[in-house]
Each structure stands twice: as structure tokens, then as C-alpha cells.
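Okay, structure first, notes after.
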């Protein structure tokens, strides 16, 4: 399947699927904790980015990574480009946020991050772990290398890509640490 065929097919689907180099993969479902963290991130970013050219988008917005021949649905993305106008697909994210789950953590940290790094506009990739209440921010330096900036509860994470900082406790608000909801652990 080509990228164009995927877009045409996906327009009529009710279940979200990601497209990776000709293959289509169903998205994993998210629990309440995951959705709460996503909501916290979106509200915190929007509050601080009002009046700027940046737009905060979540969940149902596709992100096209042309060089990797992929369409992903990041939990949150920020684009600040006036040229990024497609209402269904963004191509110029400066910040991507993924909330980790036991099912997706390895992929989010590995192959998906490798694909995201091919996006020329991307400056930061934020991974949030609600189970451990900590996060990993990967920031691309001027030398092109990606550097890890871990943070935990009680700290702030500085997001240079959008010129702001987020307090970790805001990200974890109303989220109980521990095993995901609905699990027997």
C-alpha cells in the first residue's frame, strides 16, 4: 500500500491505524491515566502558547514523516509553521509527545523515535511514563545529535522548541502512579 492509498482508505475508517513503510498497524487503546496525562500536557502547552504561531494538536492528528514513509498518531504534537495547513495531516512538528504504556514503550523509544528523528522540523521528543512519574526529553542539538534530559516529579522540563517549561506535577495531576488501570497487578 502506498501513502496515498493509505490516506484514501483511512478517510473511511473508524479505527485509527498507523502506516509504516507500506504496512498498516492498529493503534493500541489507551486507559484513563494515559488520557489524563495527554489532557494535562495539552492544557499546559495551550495555556502557555496562546498568542503564538504554535498549535497544539492531539490524538487524532496524523503526523507525516516523509523520509521514513510513515504516518503516526502522536499523543501530542506542536507545529509552529504557517505552511503546515493540512487539516488532517501535519508535516512540520517541532515537538512530539508520547505517553508510554507497557505495550508501546519499546516501540516509542526505538523504531518510532528513529522515524521521528528523520523529520527535519523536529527539535524535541518527550516521553512520559505515568507508571513511574518520570519523563525523558530528547533534544536535538546544533550538532544534530539527540541528547537525553530525564526528569522526575518535583522538577520542571524545559522545552526549547516552544520556549517554555512545564512543571512535572502538572503533567501527573490526577494520575495515580502504579499499575495501569484495569490490570490485575
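Residues of the range 55-73 falling in the label zone of residue 1, defined by backbone nitrogen less than 14 Å from a point 7 Å along Cα to beta-carbon, are 70-73.
Determine the relative contact order of the range 30-171: mean sequence separation of Cα pairs under 8 Å and six or more apart, normalised by residue count, in whole percent.
Details: 253 pairs, mean separation 26.4, N = 142.
With pairs under 8 Å counted, the relative contact order is 19 percent.
Here the simple spin-label model places points 7 Å from the Cα toward Cβ, and for residue 8 and residue 105 these points are separated by 4.1 nm.
Given Cα positions, please report Rg to Rh for the range 27-73, the hydrodynamic radius being the Kirkwood one. Intermediate values should be presented prior to the final figure.
Working: Rg = 13.1 Å, Rh = 12.5 Å.
With Rh from the inverse mean 1/r over Cα pairs, Rg/Rh is 1.05.
When each of 155, 13, 124 is scored by the number of other beta-carbon atoms lying within 10 Å, the sequence from fewest to most is 13, 155, 124. Build a GNM of the chain with springs between Cα atoms under 10 Å apart, and of 119, 103, 159 the one that fluctuates most is 103.
Using the rule -39500 (n - 2.57) for each DSSP H run of four or more residues, divided by the residues of the chain, the 222 nm mean residue ellipticity is -6000 deg cm²/dmol.
Note on residue 170 and residue 66: with the Förster distance fixed at 30 Å, the Cβ-Cβ geometry gives a FRET efficiency of about 0.35.
Residues 36, 52, arranged from fewest to most other Cβ atoms within 10 angstrom of their Cβ, appear as 52, 36.
Neighbour counts of other Cβ atoms within 10 Å put 12, 34 in the fewest-to-most order 12, 34. With the Kirkwood sum run over all distinct C-alpha pairs, the range 30-171 has a hydrodynamic radius of 15.1 Å.
Across all directions, the shadow cast by the convex hull of the range 97-165 built on its C-alpha atoms averages 4.7 square nanometres.
The numbers here are math on the coordinates, done by the rules we state, and not lab data. None of these values were measured; they are calculated from a predicted model. All Cβ positions, even for glycine, are placed from backbone atoms using ideal geometry, and neighbour counts span all protein chains on display.
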